[in-house]
Amino acid sequence: MDEVIQVTQWLSSITPRKKAKLFFFTTHADAPSPMVGSNDVDTHEETQLPLATTVALHNFKNIGEFLKKKVNTFSCYNVIENEITKTDYEYLRFYSACKYLDVVPPFLDLEKISAIQNKFEMTDEERDYRLLLDSADLVLEKVCDSLKPAGVSQMWTALRKDRNLIRGVKTIDIIGFFVDPNPTGIKECLFFFIVRFLQKADKINRVNTNRLERLIAQCDESSSCEEGKTIDFIIDSLRFYPTELYPFGFCLIMCVIEGRDGAMQEIEKTMEISRHLGMITHTEKNPTKETIELVKKELMKPKYQFYSSFTCWFMSHGDSNSMVLADGETIEREWFLTSFPDISTFQLKPKVFFMVSCRGANKFSLKGDEFEGQSATCDYHDIGSALIRNRMLDITDSVRDISYVQPMMDTLVAYSTILDNLSGRANTHGSIYVDRACVLMSENISRGRSLTEILEHLSQDLHEILQETMDEDRIVYKQACHYDSFFRKTLKLPYTRHPKEDVHSAPQ
(Lines give C-alpha, C1' and ligand atoms only; values in the text may rest on other atoms or scores of the structure.)
Protein backbone atom coordinates (compact mmCIF):
# COMPACT_ATOMS: atom_id res chain seq x y z
CA MET A 1 0.00 0.00 0.00
CA ASP A 2 1.21 3.53 -0.80
CA GLU A 3 2.82 5.21 2.23
CA VAL A 4 0.74 8.38 1.82
CA ILE A 5 -2.43 6.31 1.98
CA GLN A 6 -1.12 4.47 5.06
CA VAL A 7 -0.38 7.72 6.88
CA THR A 8 -3.81 9.13 5.96
CA GLN A 9 -5.58 6.00 7.20
CA TRP A 10 -3.54 6.03 10.41
CA LEU A 11 -4.44 9.66 11.13
CA SER A 12 -8.11 9.07 10.41
CA SER A 13 -8.17 6.26 12.97
CA ILE A 14 -7.02 8.56 15.80
CA THR A 15 -9.64 10.43 17.83
CA PRO A 16 -9.35 14.22 18.18
CA ARG A 17 -8.49 13.91 21.88
CA LYS A 18 -5.65 11.51 21.16
CA LYS A 19 -4.40 13.71 18.33
CA ALA A 20 -4.18 16.61 20.78
CA LYS A 21 -2.33 14.47 23.33
CA LEU A 22 0.02 12.99 20.73
CA PHE A 23 0.91 16.50 19.59
CA PHE A 24 1.46 17.57 23.20
CA PHE A 25 3.74 14.65 24.07
CA THR A 26 5.64 14.98 20.80
CA THR A 27 6.32 18.70 21.33
CA HIS A 28 7.90 18.06 24.70
CA ALA A 29 9.05 21.38 26.23
CA ASP A 30 12.33 20.27 27.79
CA ALA A 31 14.18 18.41 25.06
CA PRO A 32 17.76 17.67 26.16
CA SER A 33 20.52 19.88 24.89
CA PRO A 34 23.07 20.26 23.55
CA MET A 35 22.55 17.54 20.97
CA VAL A 36 23.74 17.03 17.42
CA GLY A 37 21.29 18.61 15.02
CA SER A 38 19.81 20.74 17.78
CA ASN A 39 19.65 24.51 17.63
CA ASP A 40 18.12 27.40 19.52
CA VAL A 41 15.77 28.47 16.73
CA ASP A 42 12.43 29.51 18.22
CA THR A 43 10.06 26.54 17.98
CA HIS A 44 7.05 28.73 18.78
CA GLU A 45 5.55 28.15 15.35
CA GLU A 46 5.86 24.37 15.73
CA THR A 47 4.37 24.09 19.20
CA GLN A 48 1.91 26.97 19.51
CA LEU A 49 0.50 27.80 16.09
CA PRO A 50 -1.11 24.38 15.33
CA LEU A 51 -2.78 24.38 18.76
CA ALA A 52 -3.96 27.98 18.36
CA THR A 53 -5.47 27.44 14.91
CA THR A 54 -7.13 24.19 16.01
CA VAL A 55 -8.82 25.97 18.92
CA ALA A 56 -9.82 28.97 16.79
CA LEU A 57 -11.13 27.02 13.79
CA HIS A 58 -12.26 23.79 15.50
CA ASN A 59 -10.24 22.03 12.83
CA PHE A 60 -7.41 19.53 13.39
CA LYS A 61 -5.89 20.03 9.94
CA ASN A 62 -2.69 21.73 11.17
CA ILE A 63 -2.11 19.18 13.92
CA GLY A 64 -2.64 16.43 11.34
CA GLU A 65 -0.11 18.07 9.03
CA PHE A 66 2.38 18.31 11.88
CA LEU A 67 2.00 14.60 12.68
CA LYS A 68 2.31 13.69 8.99
CA LYS A 69 5.50 15.69 8.78
CA LYS A 70 6.92 13.86 11.79
CA VAL A 71 6.07 10.46 10.34
CA ASN A 72 7.62 11.39 6.97
CA THR A 73 10.76 12.69 8.68
CA PHE A 74 11.18 9.46 10.59
CA SER A 75 10.46 7.39 7.47
CA CYS A 76 13.32 9.08 5.59
CA TYR A 77 15.68 9.24 8.56
CA ASN A 78 18.92 7.26 8.46
CA VAL A 79 20.24 6.36 11.88
CA ILE A 80 23.86 7.51 12.15
CA GLU A 81 26.05 5.37 14.38
CA ASN A 82 27.75 6.83 17.46
CA GLU A 83 26.12 10.23 17.11
CA ILE A 84 22.95 11.16 18.99
CA THR A 85 20.86 13.72 17.13
CA LYS A 86 17.77 15.75 17.89
CA THR A 87 15.81 13.48 15.55
CA ASP A 88 16.89 10.43 17.59
CA TYR A 89 15.42 11.99 20.67
CA GLU A 90 12.20 13.04 18.87
CA TYR A 91 11.80 9.58 17.31
CA LEU A 92 11.92 7.90 20.72
CA ARG A 93 9.48 10.43 22.23
CA PHE A 94 7.08 10.01 19.31
CA TYR A 95 7.21 6.22 19.52
CA SER A 96 6.64 6.19 23.30
CA ALA A 97 3.71 8.61 22.99
CA CYS A 98 2.11 6.47 20.28
CA LYS A 99 2.61 3.36 22.39
CA TYR A 100 1.13 5.05 25.47
CA LEU A 101 -1.93 6.25 23.52
CA ASP A 102 -2.22 2.92 21.66
CA VAL A 103 -1.90 4.56 18.23
CA VAL A 104 1.41 3.14 16.98
CA PRO A 105 1.55 3.47 13.18
CA PRO A 106 1.73 -0.04 11.69
CA PHE A 107 4.37 1.22 9.26
CA LEU A 108 6.69 2.68 11.93
CA ASP A 109 10.17 1.17 11.61
CA LEU A 110 10.83 -0.54 14.95
CA GLU A 111 14.33 -1.55 13.85
CA LYS A 112 15.25 2.13 13.69
CA ILE A 113 13.98 2.57 17.23
CA SER A 114 16.16 -0.31 18.37
CA ALA A 115 19.15 1.20 16.56
CA ILE A 116 18.55 4.56 18.27
CA GLN A 117 18.29 2.85 21.65
CA ASN A 118 21.64 1.22 20.93
CA LYS A 119 23.14 4.68 20.38
CA PHE A 120 21.79 5.75 23.77
CA GLU A 121 23.46 2.60 25.21
CA MET A 122 20.17 1.48 26.72
CA THR A 123 20.01 -1.79 28.63
CA ASP A 124 17.13 -4.23 28.18
CA GLU A 125 15.35 -2.69 31.20
CA GLU A 126 15.72 0.79 29.73
CA ARG A 127 14.04 -0.18 26.45
CA ASP A 128 10.63 -0.10 28.12
CA TYR A 129 8.68 2.62 26.28
CA ARG A 130 7.44 4.04 29.59
CA LEU A 131 10.95 5.29 30.40
CA LEU A 132 10.83 7.49 27.31
CA LEU A 133 7.65 9.31 28.36
CA ASP A 134 8.08 12.59 30.20
CA SER A 135 6.50 12.22 33.64
CA ALA A 136 5.77 15.96 33.94
CA ASP A 137 3.71 15.84 30.74
CA LEU A 138 1.81 12.83 32.07
CA VAL A 139 0.88 14.78 35.21
CA LEU A 140 -0.34 17.67 33.05
CA GLU A 141 -2.39 15.24 30.96
CA LYS A 142 -4.14 14.04 34.13
CA VAL A 143 -4.81 17.63 35.16
CA CYS A 144 -6.41 18.23 31.77
CA ASP A 145 -8.52 15.08 32.09
CA SER A 146 -9.77 16.30 35.51
CA LEU A 147 -11.09 19.57 34.08
CA LYS A 148 -14.29 20.13 32.16
CA PRO A 149 -14.24 22.31 29.03
CA ALA A 150 -15.70 25.14 31.12
CA GLY A 151 -12.78 24.88 33.54
CA VAL A 152 -10.17 25.23 30.79
CA SER A 153 -12.17 28.12 29.34
CA GLN A 154 -12.06 29.86 32.73
CA MET A 155 -8.29 29.34 32.86
CA TRP A 156 -8.03 30.95 29.43
CA THR A 157 -10.08 33.95 30.56
CA ALA A 158 -7.84 34.38 33.62
CA LEU A 159 -4.70 34.12 31.45
CA ARG A 160 -6.01 36.75 29.00
CA LYS A 161 -6.39 39.20 31.88
CA ASP A 162 -2.63 39.17 32.47
CA ARG A 163 -1.82 41.80 29.84
CA ASN A 164 1.87 41.98 30.69
CA LEU A 165 2.24 38.26 30.04
CA ILE A 166 0.33 38.05 26.76
CA ARG A 167 1.32 41.37 25.20
CA GLY A 168 2.58 40.95 21.63
CA VAL A 169 1.89 37.20 21.41
CA LYS A 170 0.21 36.59 18.04
CA THR A 171 -1.07 33.12 18.80
CA ILE A 172 -3.03 34.51 21.77
CA ASP A 173 -4.85 36.84 19.38
CA ILE A 174 -5.50 33.98 16.94
CA ILE A 175 -7.51 32.14 19.57
CA GLY A 176 -9.32 35.28 20.71
CA PHE A 177 -10.89 36.13 24.04
CA PHE A 178 -14.01 33.95 23.95
CA VAL A 179 -13.51 30.26 23.22
CA ASP A 180 -15.89 27.33 22.77
CA PRO A 181 -13.92 24.37 24.16
CA ASN A 182 -16.79 21.89 23.98
CA PRO A 183 -16.13 20.16 20.62
CA THR A 184 -14.20 16.94 21.11
CA GLY A 185 -10.47 17.54 21.50
CA ILE A 186 -10.67 21.35 21.68
CA LYS A 187 -10.49 21.40 25.48
CA GLU A 188 -7.25 19.44 25.31
CA CYS A 189 -5.77 21.71 22.64
CA LEU A 190 -6.58 24.84 24.64
CA PHE A 191 -5.18 23.43 27.88
CA PHE A 192 -1.98 22.22 26.18
CA PHE A 193 -1.63 25.63 24.52
CA ILE A 194 -1.81 27.31 27.93
CA VAL A 195 0.78 24.91 29.35
CA ARG A 196 3.26 25.23 26.49
CA PHE A 197 2.79 29.01 26.45
CA LEU A 198 3.63 29.26 30.16
CA GLN A 199 6.63 26.97 29.68
CA LYS A 200 7.96 28.99 26.74
CA ALA A 201 7.47 32.17 28.78
CA ASP A 202 9.54 30.63 31.62
CA LYS A 203 6.61 30.85 34.01
CA ILE A 204 6.39 27.14 34.78
CA ASN A 205 8.55 24.03 34.50
CA ARG A 206 8.44 20.52 35.93
CA VAL A 207 9.10 21.85 39.46
CA ASN A 208 7.74 25.40 39.48
CA THR A 209 4.02 25.22 38.72
CA ASN A 210 2.71 28.10 40.85
CA ARG A 211 1.54 30.12 37.85
CA LEU A 212 -0.51 27.22 36.49
CA GLU A 213 -1.90 26.48 39.94
CA ARG A 214 -3.10 30.08 40.28
CA LEU A 215 -4.97 29.83 36.97
CA ILE A 216 -6.70 26.64 38.11
CA ALA A 217 -7.50 28.16 41.51
CA GLN A 218 -9.54 30.89 39.78
CA CYS A 219 -11.92 28.33 38.27
CA ASP A 220 -15.43 27.83 39.59
CA GLU A 221 -15.40 24.36 41.10
CA SER A 222 -19.05 23.54 40.39
CA SER A 223 -18.65 24.02 36.64
CA SER A 224 -14.96 23.33 36.01
CA CYS A 225 -14.19 19.90 37.50
CA GLU A 226 -15.04 16.46 36.18
CA GLU A 227 -17.16 14.25 38.43
CA GLY A 228 -15.28 13.20 41.57
CA LYS A 229 -12.60 15.87 41.16
CA THR A 230 -12.14 19.14 43.01
CA ILE A 231 -9.96 22.22 42.51
CA ASP A 232 -7.90 21.22 45.55
CA PHE A 233 -7.44 17.71 44.19
CA ILE A 234 -6.25 19.03 40.82
CA ILE A 235 -3.84 21.53 42.37
CA ASP A 236 -2.56 18.84 44.75
CA SER A 237 -1.57 16.69 41.80
CA LEU A 238 0.83 19.43 40.72
CA ARG A 239 2.51 19.66 44.12
CA PHE A 240 4.33 16.35 43.91
CA TYR A 241 7.49 15.68 41.95
CA PRO A 242 6.33 14.12 38.67
CA THR A 243 7.34 10.46 38.80
CA GLU A 244 4.54 8.84 36.84
CA LEU A 245 4.66 5.33 35.42
CA TYR A 246 7.66 2.98 35.35
CA PRO A 247 10.46 3.39 36.19
CA PHE A 248 10.22 5.54 39.31
CA GLY A 249 13.83 6.57 38.77
CA PHE A 250 17.46 5.51 38.67
CA CYS A 251 19.03 4.11 41.83
CA LEU A 252 22.81 4.01 42.39
CA ILE A 253 24.07 1.78 45.19
CA MET A 254 27.65 2.28 46.38
CA CYS A 255 28.84 0.03 49.16
CA VAL A 256 32.27 -0.49 50.77
CA ILE A 257 32.45 -4.18 51.66
CA GLU A 258 35.98 -4.43 53.10
CA GLY A 259 35.94 -4.34 56.90
CA ARG A 260 32.15 -3.95 57.11
CA ASP A 261 30.27 -7.00 58.34
CA GLY A 262 26.88 -7.42 56.66
CA ALA A 263 27.77 -5.20 53.71
CA MET A 264 26.51 -7.73 51.16
CA GLN A 265 23.17 -7.83 52.99
CA GLU A 266 23.00 -4.06 52.71
CA ILE A 267 23.40 -4.35 48.96
CA GLU A 268 20.75 -7.05 48.69
CA LYS A 269 18.25 -5.06 50.74
CA THR A 270 18.75 -1.78 48.93
CA MET A 271 18.57 -3.49 45.55
CA GLU A 272 15.38 -5.25 46.58
CA ILE A 273 13.63 -2.15 47.89
CA SER A 274 14.67 -0.04 44.90
CA ARG A 275 13.31 -2.62 42.47
CA HIS A 276 10.15 -2.98 44.52
CA LEU A 277 9.68 0.77 44.14
CA GLY A 278 10.12 0.44 40.39
CA MET A 279 13.65 1.80 40.02
CA ILE A 280 16.33 0.70 37.59
CA THR A 281 19.37 -0.06 39.72
CA HIS A 282 23.15 -0.04 39.35
CA THR A 283 25.54 -1.30 42.05
CA GLU A 284 29.18 -0.39 42.69
CA LYS A 285 30.96 -2.56 45.26
CA ASN A 286 34.05 -1.17 47.02
CA PRO A 287 33.98 2.26 45.35
CA THR A 288 37.09 4.43 45.09
CA LYS A 289 37.51 8.06 44.03
CA GLU A 290 38.10 6.84 40.50
CA THR A 291 34.87 4.82 40.64
CA ILE A 292 32.90 7.87 41.76
CA GLU A 293 34.29 10.01 38.95
CA LEU A 294 33.48 7.31 36.39
CA VAL A 295 29.93 7.01 37.72
CA LYS A 296 29.43 10.78 37.53
CA LYS A 297 30.67 10.71 33.93
CA GLU A 298 28.29 7.84 33.14
CA LEU A 299 25.31 9.71 34.60
CA MET A 300 25.91 12.60 32.20
CA LYS A 301 25.09 10.42 29.20
CA PRO A 302 21.92 11.49 27.32
CA LYS A 303 19.88 8.42 28.26
CA TYR A 304 19.68 9.51 31.88
CA GLN A 305 17.61 12.54 30.86
CA PHE A 306 14.70 10.14 30.45
CA TYR A 307 14.69 9.27 34.16
CA SER A 308 12.30 11.03 36.56
CA SER A 309 14.41 10.83 39.73
CA PHE A 310 17.78 9.86 41.15
CA THR A 311 18.43 7.95 44.37
CA CYS A 312 21.83 7.12 45.81
CA TRP A 313 22.74 4.80 48.66
CA PHE A 314 26.31 5.28 49.91
CA MET A 315 27.40 2.84 52.62
CA SER A 316 30.83 2.95 54.26
CA HIS A 317 32.72 3.83 57.43
CA GLY A 318 32.99 7.53 58.14
CA ASP A 319 33.43 10.39 60.61
CA SER A 320 31.88 13.82 61.07
CA ASN A 321 33.08 15.15 57.71
CA SER A 322 34.26 12.28 55.53
CA MET A 323 33.60 8.75 54.33
CA VAL A 324 36.13 5.94 54.00
CA LEU A 325 36.49 4.32 50.58
CA ALA A 326 37.54 0.76 49.73
CA ASP A 327 41.22 1.66 49.27
CA GLY A 328 41.42 3.44 52.63
CA GLU A 329 41.23 6.91 51.08
CA THR A 330 38.58 9.33 52.34
CA ILE A 331 36.26 11.79 50.61
CA GLU A 332 34.46 14.75 52.12
CA ARG A 333 30.78 14.02 52.55
CA GLU A 334 29.90 17.56 51.56
CA TRP A 335 31.88 17.24 48.33
CA PHE A 336 30.06 14.05 47.45
CA LEU A 337 26.63 15.52 48.16
CA THR A 338 27.25 18.70 46.19
CA SER A 339 28.88 17.11 43.15
CA PHE A 340 26.04 14.81 42.08
CA PRO A 341 23.24 17.43 41.99
CA ASP A 342 25.29 19.35 39.42
CA ILE A 343 24.76 16.58 36.86
CA SER A 344 22.63 18.15 34.13
CA THR A 345 20.65 15.00 33.30
CA PHE A 346 18.83 15.20 36.65
CA GLN A 347 18.18 18.93 36.83
CA LEU A 348 14.71 19.83 38.15
CA LYS A 349 14.23 16.23 39.29
CA PRO A 350 14.21 14.84 42.84
CA LYS A 351 17.58 13.58 44.05
CA VAL A 352 17.63 11.53 47.25
CA PHE A 353 20.80 10.55 49.10
CA PHE A 354 20.97 7.91 51.82
CA MET A 355 24.33 8.45 53.49
CA VAL A 356 24.94 5.35 55.62
CA SER A 357 28.07 5.78 57.74
CA CYS A 358 29.22 6.92 61.18
CA ARG A 359 29.56 10.69 61.60
CA GLY A 360 31.52 10.52 64.84
CA ALA A 361 32.13 8.40 67.92
CA ASN A 362 29.64 9.81 70.44
CA LYS A 363 26.67 7.74 71.53
CA PHE A 364 23.38 8.55 73.25
CA SER A 365 23.78 5.88 75.90
CA LEU A 366 20.95 4.30 77.86
CA LYS A 367 22.02 3.15 81.33
CA GLY A 368 20.34 0.65 83.59
CA ASP A 369 20.13 -3.08 84.18
CA GLU A 370 16.89 -3.35 82.19
CA PHE A 371 18.78 -2.50 78.98
CA GLU A 372 21.61 -4.99 79.36
CA GLY A 373 21.63 -7.60 76.61
CA GLN A 374 18.78 -5.86 74.78
CA SER A 375 19.79 -4.94 71.23
CA ALA A 376 18.23 -5.13 67.81
CA THR A 377 21.66 -5.94 66.33
CA CYS A 378 22.47 -9.02 68.39
CA ASP A 379 20.68 -11.55 66.19
CA TYR A 380 19.93 -11.84 62.49
CA HIS A 381 17.80 -14.44 60.79
CA ASP A 382 15.35 -15.04 57.94
CA ILE A 383 11.72 -14.30 58.71
CA GLY A 384 10.48 -16.01 55.57
CA SER A 385 8.26 -13.18 54.29
CA ALA A 386 7.89 -12.42 50.59
CA LEU A 387 9.16 -9.48 48.58
CA ILE A 388 11.04 -6.78 50.47
CA ARG A 389 10.65 -8.40 53.94
CA ASN A 390 12.87 -11.29 52.96
CA ARG A 391 16.00 -11.53 55.12
CA MET A 392 15.12 -8.56 57.31
CA LEU A 393 15.74 -8.15 61.03
CA ASP A 394 13.04 -9.51 63.31
CA ILE A 395 12.48 -6.50 65.60
CA THR A 396 10.68 -7.88 68.67
CA ASP A 397 8.98 -5.86 71.43
CA SER A 398 11.80 -6.75 73.82
CA VAL A 399 14.19 -4.48 71.90
CA ARG A 400 11.78 -1.57 71.57
CA ASP A 401 11.59 1.38 73.98
CA ILE A 402 9.60 4.60 73.85
CA SER A 403 10.49 6.16 77.21
CA TYR A 404 13.98 7.39 76.26
CA VAL A 405 14.12 9.78 73.34
CA GLN A 406 16.99 11.51 71.58
CA PRO A 407 16.66 15.27 72.23
CA MET A 408 16.42 16.14 68.53
CA MET A 409 13.69 13.62 67.74
CA ASP A 410 10.33 15.09 66.69
CA THR A 411 12.03 18.39 65.84
CA LEU A 412 11.96 20.26 62.54
CA VAL A 413 14.41 23.14 62.10
CA ALA A 414 13.40 25.51 59.30
CA TYR A 415 15.94 28.08 58.11
CA SER A 416 14.97 31.23 56.24
CA THR A 417 18.18 31.01 54.20
CA ILE A 418 21.11 28.69 53.54
CA LEU A 419 24.51 28.92 55.20
CA ASP A 420 26.46 32.13 54.53
CA ASN A 421 23.57 33.75 52.60
CA LEU A 422 21.30 36.77 53.20
CA SER A 423 17.77 36.57 54.57
CA GLY A 424 15.78 39.28 52.81
CA ARG A 425 13.50 41.90 54.30
CA ALA A 426 10.93 44.30 52.86
CA ASN A 427 10.86 47.91 54.08
CA THR A 428 7.24 47.73 55.17
CA HIS A 429 6.59 44.02 55.80
CA GLY A 430 9.77 42.75 57.47
CA SER A 431 11.07 39.25 56.70
CA ILE A 432 9.95 38.02 53.27
CA TYR A 433 10.37 34.44 54.48
CA VAL A 434 8.02 35.02 57.44
CA ASP A 435 5.52 36.76 55.17
CA ARG A 436 5.39 33.99 52.58
CA ALA A 437 5.35 31.26 55.22
CA CYS A 438 2.37 32.86 56.96
CA VAL A 439 0.54 33.37 53.65
CA LEU A 440 1.01 29.75 52.55
CA MET A 441 0.06 28.33 55.94
CA SER A 442 -3.03 30.53 56.01
CA GLU A 443 -4.05 29.44 52.50
CA ASN A 444 -3.64 25.78 53.37
CA ILE A 445 -5.69 25.67 56.55
CA SER A 446 -8.65 23.28 55.98
CA ARG A 447 -6.79 21.50 53.16
CA GLY A 448 -5.10 18.97 55.42
CA ARG A 449 -1.59 19.71 54.19
CA SER A 450 1.46 18.70 56.19
CA LEU A 451 3.94 21.27 57.42
CA THR A 452 6.70 19.74 55.33
CA GLU A 453 4.53 20.00 52.21
CA ILE A 454 4.05 23.68 52.91
CA LEU A 455 7.75 24.23 53.54
CA GLU A 456 8.55 22.57 50.21
CA HIS A 457 6.03 24.84 48.51
CA LEU A 458 7.53 27.77 50.42
CA SER A 459 10.97 26.83 49.12
CA GLN A 460 9.66 26.98 45.55
CA ASP A 461 7.72 30.19 46.16
CA LEU A 462 10.54 32.05 47.94
CA HIS A 463 13.15 31.05 45.36
CA GLU A 464 11.06 32.54 42.55
CA ILE A 465 11.13 36.01 44.18
CA LEU A 466 13.76 38.50 43.04
CA GLN A 467 15.02 40.56 46.00
CA GLU A 468 17.27 43.62 46.29
CA THR A 469 19.73 44.61 48.99
CA MET A 470 18.94 47.79 50.90
CA ASP A 471 22.47 49.24 50.66
CA GLU A 472 23.77 51.60 48.01
CA ASP A 473 24.84 48.74 45.71
CA ARG A 474 21.20 47.60 45.28
CA ILE A 475 22.21 44.05 44.34
CA VAL A 476 19.40 41.80 43.05
CA TYR A 477 19.48 38.27 44.42
CA LYS A 478 17.46 35.14 45.19
CA GLN A 479 16.95 33.50 48.54
CA ALA A 480 16.79 29.76 49.26
CA CYS A 481 15.35 28.31 52.44
CA HIS A 482 15.66 24.76 53.73
CA TYR A 483 14.88 22.52 56.66
CA ASP A 484 16.27 19.53 58.55
CA SER A 485 13.59 17.12 59.69
CA PHE A 486 13.71 14.60 62.53
CA PHE A 487 9.96 13.96 62.43
CA ARG A 488 8.61 10.51 63.19
CA LYS A 489 5.09 11.35 62.09
CA THR A 490 3.47 13.82 59.66
CA LEU A 491 2.40 17.17 61.14
CA LYS A 492 -0.72 18.60 59.49
CA LEU A 493 -2.19 22.07 59.92
CA PRO A 494 -5.59 22.28 61.64
CA TYR A 495 -8.64 21.73 59.49
CA THR A 496 -10.51 24.75 60.88
CA ARG A 497 -9.56 28.41 60.76
CA HIS A 498 -9.88 30.23 64.08
CA PRO A 499 -12.44 33.04 63.87
CA LYS A 500 -10.81 36.45 63.88
CA GLU A 501 -12.48 37.57 67.07
CA ASP A 502 -11.10 34.57 68.97
CA VAL A 503 -7.49 35.52 68.25
CA HIS A 504 -7.56 38.56 70.51
CA SER A 505 -10.15 37.44 73.05
CA ALA A 506 -9.12 37.30 76.69
CA PRO A 507 -8.70 33.87 78.30
CA GLN A 508 -11.74 32.69 80.22
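Given the criterion touching a Ser or Thr at 6+ places or on another chain (Cβ under 9 Å), more than 23 Å from residue 18 (Cβ to Cβ) and in contact (Cβ under 8 Å) with a residue 24 or more places away in the chain, identify the matching residue among 172, 216.
On the way: 172 fails: touching a Ser or Thr at 6+ places or on another chain (Cβ under 9 Å).
The match here is 216.
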If I filter region 167-197 down to residues being open to solvent by 20 Å² or more (accessible area, probe 1.4 Å) and either within 18 Å of residue 214 (Cα to Cα) or among the acidic types (Asp, Glu) (or both), which single residue comes out as modelled with the highest pLDDT? 180
Of (1) over 23 Å from residue 206 (Cβ atoms); (2) outside any helix (DSSP H, G or I); (3) open to solvent by less than 70 Å² (accessible area, probe 1.4 Å), residue 154 fails just (2)
Cβ-Cβ under 6 Å pairs, at least 6 apart or on other chains, region 93-121 side over 17 Å from residue 64 (Cβ atoms), far side of a type in the set (Asp, Glu) and crowded, with 20+ Cβ neighbours inside 10 Å: 116/88
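Tell me yes or no: at least one residue of region 105-128 is farther than 30 Å from residue 4 by Cα, more than 25 Å from the chain's Cα centre (by Cα) and either modelled with pLDDT of 95 or more or crowded, with 17+ Cβ neighbours inside 10 Å (or both).
Our first condition is that a residue be farther than 30 Å from residue 4 by Cα; within region 105-128, this holds for 120-126.
Filter once more, keeping what is more than 25 Å from the chain's Cα centre (by Cα): none.
No, because not a single residue in region 105-128 is farther than 30 Å from residue 4 by Cα, more than 25 Å from the chain's Cα centre (by Cα) and either modelled with pLDDT of 95 or more or crowded, with 17+ Cβ neighbours inside 10 Å (or both).
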Select from region 219-263 the residues that are of a type in the set (Gly, Ala, Ser), touching a residue at least 12 places away in the same chain (Cβ under 8 Å) and either open to solvent by less than 10 Å² (accessible area, probe 1.4 Å) or not in a loop (DSSP other than H, G, I, E, B) (or both) and list them in ascending order. 223, 224, 237, 249, 263
Those residues that are within 19 Å of the chain's Cα centre (by Cα) and without any contact (Cβ under 8 Å) to a residue 40 or more places away in the chain, I need them from region 345-363; list them, please. 347
Could you list, in sequence order, all residues of region 203-217 that are at pLDDT 90 or above, open to solvent by 40 Å² or more (accessible area, probe 1.4 Å) and of a type outside the set (D, E, K, R)? 217
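Within 27 Å of residue 463 (Cβ to Cβ), out of contact with any strand residue (DSSP E or B) (no Cβ under 9 Å at 6 or more places or on another chain) and either free of Cβ contacts under 8 Å to residues at least 12 places away in the same chain or assigned to a helix (DSSP H, G or I) (or both): does that describe residue 206?
Working: within 27 Å of residue 463 (Cβ to Cβ): yes; out of contact with any strand residue (DSSP E or B) (no Cβ under 9 Å at 6 or more places or on another chain): yes; either free of Cβ contacts under 8 Å to residues at least 12 places away in the same chain or assigned to a helix (DSSP H, G or I) (or both): no.
When the stated conditions are applied, residue 206 does not pass them.
Could you check region 345-364 and list, in sequence order, the residues that are outside any loop (DSSP other than H, G, I, E, B) and either among the small types (Gly, Ala, Ser) or more than 20 Å from residue 293 (Cβ to Cβ) (or both)?
Taking region 345-364 and keeping what is outside any loop (DSSP other than H, G, I, E, B), we get 345-346, 351-356.
Within region 345-364, 352, 354, 356 meet the criteria.
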Identify, by number, the condition in (1) surrounded by fewer than 19 Cβ atoms within 10 Å (Cβ to Cβ); (2) over 18 Å from the mean Cα position of the chain (by Cα); (3) of a type outside the set (Gly, Ala, Ser); (4) more than 21 Å from residue 25 (Cβ to Cβ) that residue 200 doesn't meet. (4)
For residue 331, which of the numbered conditions (1) free of Cβ contacts under 8 Å to residues at least 60 places away in the same chain; (2) open to solvent by 60 Å² or more (accessible area, probe 1.4 Å) fails to hold? (2)
Any residue at all in region 276-284 that is among the small types (Gly, Ala, Ser), buried (at least 17 other Cβ atoms within 10 Å of the Cβ) and under 28 Å from residue 207 (Cα atoms)? no
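The values are calculated or read from the model by the stated rules, or taken from the named source; none is laboratory data. As the structure is a prediction and not an experimental result, all values here were calculated from the model. Please note: Cβ atoms are built from the backbone with ideal geometry, for glycine as well, and neighbour counts cover all protein chains shown. These area figures cover heavy atoms from the full protein model, side chains too; ligands, DNA and RNA do not enter into them. Shrake-Rupley method; radii C 1.70, N 1.55, O 1.52, S 1.80 Å.
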